[in-house]
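K.L.:
Please find one structure pasted underneath; my questions will follow.
The values are calculated or read from the model by the stated rules, or taken from the named source; none is laboratory data. Everything quoted here is computed from the prediction, not taken from an experiment. Backbone-built Cβ (ideal geometry, glycine too); neighbour counts: all protein chains shown.
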Amino acid sequence: MKKSPNKQLSNKQESEICLNCGECCKRYFITVLPDESKKISKKLKISEKTFLEKHCELHIKIYPKSVKGILTFPSTFFPQKIFDQIKKEVGIVNDSYFVVPQVVLKRDIVEFTGKKVCTFLNENNFCKIYSVRPEPCKLFPFIAVEGIREQYPFCVLFQKTHKNLSKKSSVYFKKVKSYFKKVNDKKFCGVWKNPPKFGQLYLADKYICEISLEELNLMLMDQKE
């Protein structure tokens with residue numbers, strides 16, 4: 001078994017590798033937390049409302065779950081369109097789901113290729129909001145725990161060097177956990193004042209359908225309300 005490389009690269013060398021690649025920005029949806037949204041909108045010199053409407057979208061993942069807990073809701077209260085589409089795509093609708101509502105940076109279609117990339121990645125693989133980029137961008141590809149290097153065969157940086165960012169990753173995951181707790185307690189629109197109006201719904205990683213903010217709010221409705 002090959003050992004993980006431990007060669008130390010300078011920040012300039014790392015940047016050159018990333019600028020010649022940009023694959024992570026072309027492959028993944030980048031999650032934005034409320035405090036990051038404020039920083040990015042300030043960097044762009046626009047209101048946070050404009051930033052969320054123009055550059056972000058909803059990204060909702062649901063997972064079947066039978067045990068009650070945080071962000072777990074009965075499918076009985078799902079909008080009929082959502083209920084029917086889940087049944088159409090997977091053949092069955094479970095009694096309840098763990099609903100993970102996020103805001104992500106939009107992915108724009110690149111002319112001539114038809115591929116979608118992060119809205120802030122330019123033609124030279126340069127990030128337009130690099131100084132205030134979301135935490136996953138700062139941690140990738142080292143946000144991963146040991147033993148999953150094979151999941152990033154495209155990442156040249158990951159092949160050439162290795163960093164232990166487990167402490168920073170742990171801090172970020174605590175922020176994410178706190179975010180979902182707030183969404184559970186205050187509802188999605190209680191955490192986001194002007195969230196995107198539309199986005200995508202997934203069952204785990206399987207695309208289900210488009211979803212609106214109104215439909216999401218219905219999915220997150222407590223049956224006691």
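K.L.:
Restrict the check to the range 92-112 and report whether at least one residue is touching a Cys at 6+ places or on another chain (Cβ under 7 Å), touching a residue at least 60 places away in the same chain (Cβ under 8 Å) and in a helix (DSSP H, G or I).
P.N.:
So far as the range 92-112 goes, no, none of its residues is touching a Cys at 6+ places or on another chain (Cβ under 7 Å), touching a residue at least 60 places away in the same chain (Cβ under 8 Å) and in a helix (DSSP H, G or I).
K.L.:
Taking the condition of being exposed (fewer than 15 other Cβ atoms within 10 Å of the Cβ), part of a helix (DSSP H, G or I) and without any contact (Cβ under 8 Å) to a residue 40 or more places away in the chain, how many residues in the range 77-91 meet it?
P.N.:
Looking only at that region, the number is 4.
K.L.:
Considering only residues that are outside any helix (DSSP H, G or I) and closer than 15 Å to Pro196 by Cα, which ones fall in the range 30-51?
P.N.:
Residues satisfying the conditions are Ile30, Thr31, Val32, Leu33, Ser47.
K.L.:
Under 6 Å between Cβ atoms, at least 6 apart or on separate chains: pull out the pairs that start in the range 19-45 with a residue that is modelled with pLDDT of 90 or more and end on any residue that is among the polar types (S, T, N, Q).
P.N.:
If the second residue must be among the polar types (S, T, N, Q), the pairs left are Thr31/Gln102.
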